[in-house]
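First the structure, in the form of structure tokens, and then the observations on it.
The values are calculated or read from the model by the stated rules, or taken from the named source; none is laboratory data. None of the values given here were measured: they were computed from a predicted structure. As a convention, Cβ positions derive from the backbone with ideal geometry for all residues, glycine included, and neighbour counts pool all protein chains shown. The protein model used for the area step is the full one, side chains on, heavy atoms only, and it has no ligands, DNA or RNA in it. Shrake-Rupley method; radii C 1.70, N 1.55, O 1.52, S 1.80 Å.
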Amino acid sequence: MIVVLLVVFWAAIWPYLVGALVFGAATVGGWWLWRTDRLIKGSDRQWRQDEAVKAGHRTLAEVDAMTGTEFEGFVVELCRRDGCTEVRRVGGSHDNGADVLGRLPDGRSMVIQCKRYTPKNKIPSREVRDLLGAKVHFKVDVAIFVATTYFSGPAESFATENDILAVHRDHLGLWNNGASLVSLGAVNGSGQGDRQHRARWKETYE
């Protein structure tokens, strides 16, 4: 009897059956995509947290022992920790004055020059000028110079006069210990330690 009814009314009910199957498949597919997206995002957040902890546990002495390439990777880690996006290393023999490119959390594009120098060597102004050229070349909004040492007086002055964020050794320590990259802009050009600090630095490295 049921079979007979199905045959008789098949023309009327088959669109509803097909619709129900399509709706069910779409629901299952949507749930699978949502679950996959949550898993990927959760994994990404965990990775960022792990990298942040790892980066924060590095001492400046450990940073000093890095190669230039390792230091660039370290800066990339810190940028990602702070929510920067599209961050990638571009350093090399033909890097046009750029080691890292990316975007700040507010969407502004940035170029970063990384210099892992021994603490006794200061950054000369010509290298900061090269970064200004990279800013023009890559057509970015913000230029950042990150160093394991300090800037010469003329280099620091040139940076502040041309809106370049000069992250010297003290600021790098703050950044590594949890201060955000954006927050360092508030202390840009504010000096590189007091007289006693500079005396201890000279005694240690000179």
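Things to note:
- Using the Cβ of W175 as centre and a radius below 12 Å, the other residues enclosed give a net charge of 0, where K and R count +1 and D and E count -1.
- Solvent accessible area, Å² - Y117, 1.4 Å probe, full protein context: 60
- Per-residue ³J(HN,Hα) for the stretch 117-122, Karplus 6.51 cos²θ - 1.76 cosθ + 1.60, θ = phi - 60°, Hz, x for Gly and Pro: 9, 5, x, 7, 9, 8
- Cut-off under 5 Å, modelled amide H: who pairs with V87 long-range: R103
- Accessible area of R38 in the full protein assembly, 1.4 Å probe (Å², nearest 10): 130
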